[in-house]
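Asker: My structure is below; once you've seen it, I'll send some questions.
The values are calculated or read from the model by the stated rules, or taken from the named source; none is laboratory data. Computed from a predicted model, the values in this text were never measured in an experiment. We place every Cβ from the backbone using ideal geometry, glycine too, and count neighbours over all the protein chains shown. These area figures cover heavy atoms from the full protein model, side chains too; ligands, DNA and RNA do not enter into them. Shrake-Rupley method; radii C 1.70, N 1.55, O 1.52, S 1.80 Å.
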Amino acid sequence: MGHMKILILGKNGQVGWELQRSLQPLGEVIALDRYEDVEHGFSGDITNFEAIEKVIQTFQPDIVLNATAYTAVDKAESEVEQADLVNHIAVKHLAEQCKAIDALLIHYSTDYVFNGQGTAAWQEDDTTEPQNAYGKTKRNGEIALEQSQVKFINLRTSWVYASRGHNFIKTMLKLAQSKDELSIIDDQIGAPTGAALIADVTAQIVRYYALQPQLQQKHLLGHYHLAAQGETSWYAYANYIFDVAKAHGLALQLKTVKPISTVDYPTPAVRPLNSRLNTQKLQQMFALHLPQWQQGVEHMIKETL
Ligand code: NDP
């Protein structure tokens, strides 16, 4: 592909922030958030269709990474329209813009597109059946990609955490320093996946794709599952976080951690019990190896303490 031009949307999200780091060595990068960027005069508000058209037509990226999303899962139940605008309608428009200049669109989605039944790890072509509003809007976004005929790679991930942003690890570390007792859900199973891993894998995907002859590139398009290896419950995950934090000298107030089940902890949005993602396809197609989930979690905790 030669000199590559790369556009990142959603640069301040957990994944967007890490993409800004991991993609730098691959080409000329412009990274935007929803506000006007002083350096280039571009705005990356994905719901501002004119602004998105302007940046794509002017910059002419070879690759566009969409790290924007409406990710407030419970709030989405009462703000369906706003969630659908960001996760679906805007994605449809972005896909059309990428299609118009033949750019590759890399997008992110979620295990919440599945119904969470059973115990088998979800494969890419399993039937989708989202159980909450957020999941439905994310699935609508995927369908928009499929229908637009854009060249896309959609990476479905799960349980994302990062040094920057709000997430389960940070919440647990804070609570463990102020509470005696915590009750944590023990019957939702998945794999915590670091934004840094997602971004590093994305960079590998971009590089692998760019090095293929054009005829081979189209075999790499489509849906993929990207998560760390292994599986855990939120309860076991929390205990792992506390163990690592203690081992690194953090004084915890916490005395008791109780496992509870999903039915005992009602939330506005229904959450799937089985969030396991089968990542074989990604590892095979892009010659990648995914680490066990504990590796990134320990790394992030050490970095944070
Ligand atoms: P974050 O919520 O950390 O980041 C999302 C970013 O999108 C924010 O920076 C937000 O900006 C931005 N954004 C929202 N609306 C707009 C808009 N109209 N225009 C421009 N930017 C906008 O999400 P993550 O990084 O965690 O998620 C990345 C991807 O991974 C998403 O597709 C998500 O659906 C998926 N995913 C996430 C999971 C998780 O646990 N977090 C689990 C599974 C999948 P602002 O702060 O200004 O609102």
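Asker: Looking at the range 58-105 only, could you name the residues that are within 11 Å of the ligand (Cβ to nearest atom), open to solvent by 10 Å² or more (accessible area, probe 1.4 Å) and aliphatic (A, V, I, L, M)?
Answerer: In the first step, residues of the range 58-105 are kept if they are within 11 Å of the ligand (Cβ to nearest atom); the result is 65-73, 76, 82-83, 85-87, 89-91, 94.
Next, only the ones that are open to solvent by 10 Å² or more (accessible area, probe 1.4 Å) stay: 67-73, 82, 85-86, 89.
67, 69, 72, 73, 85, 86, 89 - these are the residues of the range 58-105 that are within 11 Å of the ligand (Cβ to nearest atom), open to solvent by 10 Å² or more (accessible area, probe 1.4 Å) and aliphatic (A, V, I, L, M).
Asker: Can we say residue 55 is away from the ligand (no atom under 12 Å from the Cβ), aliphatic (A, V, I, L, M), modelled with pLDDT of 95 or more and over 19 Å from residue 141 (Cβ atoms)?
Answerer: Values: away from the ligand (no atom under 12 Å from the Cβ): no; aliphatic (A, V, I, L, M): yes; modelled with pLDDT of 95 or more: yes; over 19 Å from residue 141 (Cβ atoms): yes.
No, not satisfied.
Asker: Sticking with this one: Among the residues of the range 286-302, what is the count of those that are over 11 Å from residue 194 (Cα atoms), outside any loop (DSSP other than H, G, I, E, B) and either of a type in the set (Phe, Trp, Tyr) or open to solvent by less than 30 Å² (accessible area, probe 1.4 Å) (or both)?
Answerer: 1
Asker: Identify all residues within the range 147-173 that are touching a Gly at 6+ places or on another chain (Cβ under 8 Å) and near the ligand (Cβ under 8 Å from one of its atoms); write none if there are none. Full working, then the answer.
Answerer: So the first thing to find is which residues in the range 147-173 are touching a Gly at 6+ places or on another chain (Cβ under 8 Å), and the list is 152-154, 158-162, 165.
Residues satisfying the conditions are 158, 159, 160, 161, 162, 165.
Asker: Is it the case, given these coordinates, that residue 218 is out of contact with any helix residue (DSSP H, G or I) (no Cβ under 9 Å at 6 or more places or on another chain) and exposed (fewer than 14 other Cβ atoms within 10 Å of the Cβ)? Lay out the reasoning, then the answer.
Answerer: Numbers: out of contact with any helix residue (DSSP H, G or I) (no Cβ under 9 Å at 6 or more places or on another chain): yes; exposed (fewer than 14 other Cβ atoms within 10 Å of the Cβ): yes.
It is true that residue 218 is out of contact with any helix residue (DSSP H, G or I) (no Cβ under 9 Å at 6 or more places or on another chain) and exposed (fewer than 14 other Cβ atoms within 10 Å of the Cβ).
Asker: Would you be able to tell me the number of residues in the range 265-304 that are of a type outside the set (Val, Ile, Thr) and in contact with a Ser or Thr (Cβ under 8 Å, 6 or more places away or on another chain)? Talk me through it step by step, then tell me what you get.
Answerer: To start, the set of residues in the range 265-304 that are of a type outside the set (Val, Ile, Thr) comprises 265-266, 268-269, 271-278, 280-296, 298-300, 302-303.
Next cut, in contact with a Ser or Thr (Cβ under 8 Å, 6 or more places away or on another chain) only: 265, 268, 271, 273-277, 290, 293, 296, 300, 303.
Going through the range 265-304 one residue at a time, the tally reaches 13.
Asker: Being part of a helix (DSSP H, G or I) and over 25 Å from residue 224 (Cα atoms) narrows it down to one of 86, 55, so name that one.
Answerer: Values: 86 fails: over 25 Å from residue 224 (Cα atoms).
The match here is 55.
Asker: Restricting to the range 172-195, give me the number of residues that are part of a strand (DSSP E or B) and either modelled with pLDDT under 95 or closer than 20 Å to residue 114 by Cβ (or both). Give the steps one after another, and end with the answer.
Answerer: Step one: filter the range 172-195 for residues part of a strand (DSSP E or B), giving 181-185, 189-190, 193-194.
Still in the list and also either modelled with pLDDT under 95 or closer than 20 Å to residue 114 by Cβ (or both): 185, 189-190, 193.
Number satisfying all stated conditions: 4.
Asker: Just need a number here: residues in the range 234-255 that are over 19 Å from the mean Cα position of the chain (by Cα) and not in a loop (DSSP other than H, G, I, E, B). Even if it seems obvious, please write down each step before you answer.
Answerer: First, pick out the residues of the range 234-255 that are over 19 Å from the mean Cα position of the chain (by Cα): 235-236, 238-255.
Then keep just the ones that are not in a loop (DSSP other than H, G, I, E, B); that gives 235-236, 238-247.
Qualifying residue count for the region: 12.
Asker: From the list 290, 277, pick out the single residue that is touching a Lys or Arg at 6+ places or on another chain (Cβ under 8 Å) and under 22 Å from residue 225 (Cα atoms). Spell out how you get there, then give the answer.
Answerer: Values: 290 fails: touching a Lys or Arg at 6+ places or on another chain (Cβ under 8 Å).
Criteria check complete, one pass: 277.
Asker: Pick from the range 8-36 the residues that are assigned to a helix (DSSP H, G or I) and over 23 Å from residue 48 (Cβ atoms): which of them is nearest to the ligand (Cβ to nearest atom)?
Answerer: 18
Asker: While we're looking at this one, here's another question. Which residue is nearest to the ligand (Cβ to nearest atom), if the candidates are limited to the range 129-146 and must be part of a helix (DSSP H, G or I) and charged (D, E, K, R)? Steps first, please.
Answerer: We begin by selecting, within the range 129-146, every residue part of a helix (DSSP H, G or I); these are 133-146.
Filter once more, keeping what is charged (D, E, K, R): 136, 138-139, 142, 146.
Working: 136: 12, 138: 6, 139: 11, 142: 10, 146: 16 Å.
Among those residues, the one meeting the criterion is 138.
Asker: Follow-up. Does the range 22-41 contain at least one residue that is at pLDDT below 95, farther than 22 Å from residue 154 by Cβ and among the small types (Gly, Ala, Ser)?
Answerer: Yes: one or more hits.
Asker: Can you tell me which residues in the range 111-128 are within 16 Å of the ligand (Cβ to nearest atom), part of a loop (DSSP other than H, G, I, E, B), touching a residue at least 60 places away in the same chain (Cβ under 8 Å) and not aromatic (Phe, Trp, Tyr)?
Answerer: Listed by number, the residues that qualify are 115, 116, 121, 124.
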